[in-house]
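Below is one structure; the comments refer to it alone.
The values are calculated or read from the model by the stated rules, or taken from the named source; none is laboratory data. These numbers come from a predicted model, not from an experiment. In this analysis, Cβ positions are derived from the backbone assuming ideal geometry, glycine residues included, and neighbour counts consider all displayed protein chains. What goes into the accessible areas is simple: the full protein's heavy atoms, side chains included, and nothing from ligands, DNA or RNA. Shrake-Rupley method; radii C 1.70, N 1.55, O 1.52, S 1.80 Å.
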Amino acid sequence: MVTGGPTMASVARLAASSALRAATAAKQTGPRLADHWEKSVVDDIFSFAVRKQTGVSLKYMLDFGSKPIERQLILSAQFLHNELPVRLAHRVAELEKAPYGLSAKPYVLKVRDWYVESFKELRSFPRVRDSADEEAFTSMLRKIYHRHRNVVPVMAMGVAELKRELEHDVGLGDLPEIHQMLDSFYLSRIGIRMLIGQHIALHEPQKENHIGLIDTTCSPGIVCADAIADARMICLREKGSAPEVGIYGDPGFTFPYVPSHLHHMVFELVKNSLRAVGDRWEDSAQEAPPIRVVIAEGEEDITIKVSDEGGGIPRSGLPKIWTYLYTTARSPLEDMRGGGNGAASPDGPSVLAGYGYGLPISRLYARYFGGDLQIISMEGYGTDAYLHLNRLGNVQEPLP
């Protein structure tokens with residue numbers, strides 16, 4: 001008997017997925033780029049979309065920004081003037097051909113047009129030659145940064161619309177193209193916002209031990225304590241109580257990192273554990289067991305483990321936690337449609353509860369600087385999340 005080939009079930013799923021993709025693509029009704037933008041802009045976008053992107057590392061950002069003198073700021077602006085149109089064009093092309101009709105969803109079209117608008121502005125800006133040009137360029141970057149602030153929740157609404165259409169036709173786990181496309185899109189967004197945010201931050205009064213957005217003496221212990229306090233506060237507000245969370249390991253060591261990224265990731269992991277433990281022990285006469293956050297310092301990696309006794313996740317359910325089409329939390333998207341803006345800040349996973357985006361985007365934040373996020377679960381007991389952070393800072397962005 002020959003083994004290792006595709007099973008009949010997997011072949012059937014692939015055939016169904018292909019048929020569904022063809023059917024949904026045929027139903028696309030949204031305007032294409034050429035329907036809404038002048039031909040010269042469309043041609044320019046696709047000529048840039050085939051260019052290679054240039055990745056940078058955390059160490060490069062540290063070395064380059066350590067003394068942000070006028071000449072370095074001009075060089076930074078020149079790099080961004082060349083690099084950002086390439087990255088934006090890649091994303092526009094990706095959104096234009098998003099599978100299963102996602103590219104035709106009004107919310108996705110809105111995001112696509114934001115990227116086109118920013119691409120146009122960057123391409124029309126003259127070459128940066130001196131400090132006056134650099135100041136004007138930085139002012140434009142601030143507008144672009146602000147324009148893209150709601151990309152994640154607006155994209156989430158487009159994906160949610162697609163989810164409602166498809167969930168009766170095919171299993172949502174059988175749409176790998178959607179997940180691959182969104183991983184690529186959101187990872188690129190993290191990089192674009194990091195580059196723009198870092199350049200803008202070099203113009204601001206520098207915090208102690210900071211180089212732009214990067215804290216050269218980032219303390220995992222302090223950041224974890226802040227993230228835990230924020231997560232417990234939300235749990236207390238929503239549930240009326242919150243399990244205890246203990247931090248273990250050497251609290252004194254530091255390493256260069258972006259504190260906001262680390263806060264977002266730890267917040268998401270602790271929030272998930274608080275919810276799991278709270279739900280499991282809610283009706284128990286016993287006190288809920290505490291969540292353990294263990295911080296370990298290695299030569300290459302900083303590892304943070306968030307360990308709970310919240311009942312765990314069935315093995316069959318583990319793949320779902322990394323998809324963008326699955327969540328067990330109440331979604332805020334309907335509130336946003338109704339005009340509410342409580343979920344409209346998209347700069348990190350901490351505001352994404354209910355989208356199903358918390359864990360997959362947290363993993364992208366970890367991978368952006370060469371780390372990773374792994375989840376190991378014991379059904380009937382609890383879950384351990386391992387957040388690995390590269391402490392050497394020598395890994396280039398994993399550009400999609």
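Key figures for this structure:
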item: Calculated on alpha-carbon atoms, Rg and Dmax of the range 101-154 in Å; result: 13.8, 45
item: Qualifying GluC sites (Glu not before Pro) for the range 189-246 [loop in DSSP, other Cβ within 10 Å: at most 11]; result: 208
item: Residues of the range 245-266 with amide N under 20 Å of the 7 Å Cα→Cβ point at residue 394; result: 254-258
item: For residue 75, solvent-accessible area (1.4 Å; no DNA, RNA or ligand), Å²; result: 60
item: Ranking by accessible area, most exposed first, for 35, 133 with a 1.4 Å probe; result: 35, 133
item: nm² value of the averaged projected area, convex hull over the Cα atoms of the range 235-317; result: 7.3
item: FRET efficiency, residue 46 to residue 229 (Cβ-Cβ, R0 45 Å, nearest 0.05); result: 0.40
item: Pairwise label distance in nanometres, residue 297 with residue 78, each label 7 Å out on the Cα-Cβ vector; result: 4.0
item: Semi-axis lengths (Å, descending) of the ellipsoid that matches the C-alpha gyration tensor of the range 66-162; result: 31, 12, 10
item: Efficiency of FRET from Cβ geometry, residue 250 and residue 204, R₀ 22 Å, rounded to 0.05; result: 0.10
item: Diffusion coefficient, µm² s⁻¹, Stokes-Einstein with Kirkwood Rh over alpha-carbon pairs of the range 86-240 at 4 °C and 1.567 mPa s; result: 70
item: Contour excess over end-to-end distance, with Cα ends at residue 238 and residue 63 and 0.36 nm allotted per residue; result: 58.6 nm
item: Loop-located chymotrypsin sites (Phe, Trp or Tyr not before Pro) in the range 356-400, at most 14 other Cβ atoms within 10 Å (DSSP); result: 381
item: Residue list for the range 70-90, given a label point 7 angstrom along the Cα-to-Cβ vector of residue 127 and an amide N cut-off under 19 Å; result: 71-86
item: Proximal lysines relative to residue 271, as straight alpha-carbon distance under 17 Å, when same-chain residues fewer than 8 apart are discounted; result: 239, 305
item: Stretchable slack from residue 146 to residue 180, in nm (0.36 nm times residue separation minus alpha-carbon distance); result: 9.6 nm
item: Contact order relative to length of the range 127-221, as percent, for alpha carbon pairs under 8 angstrom and 6 or more apart; result: 24
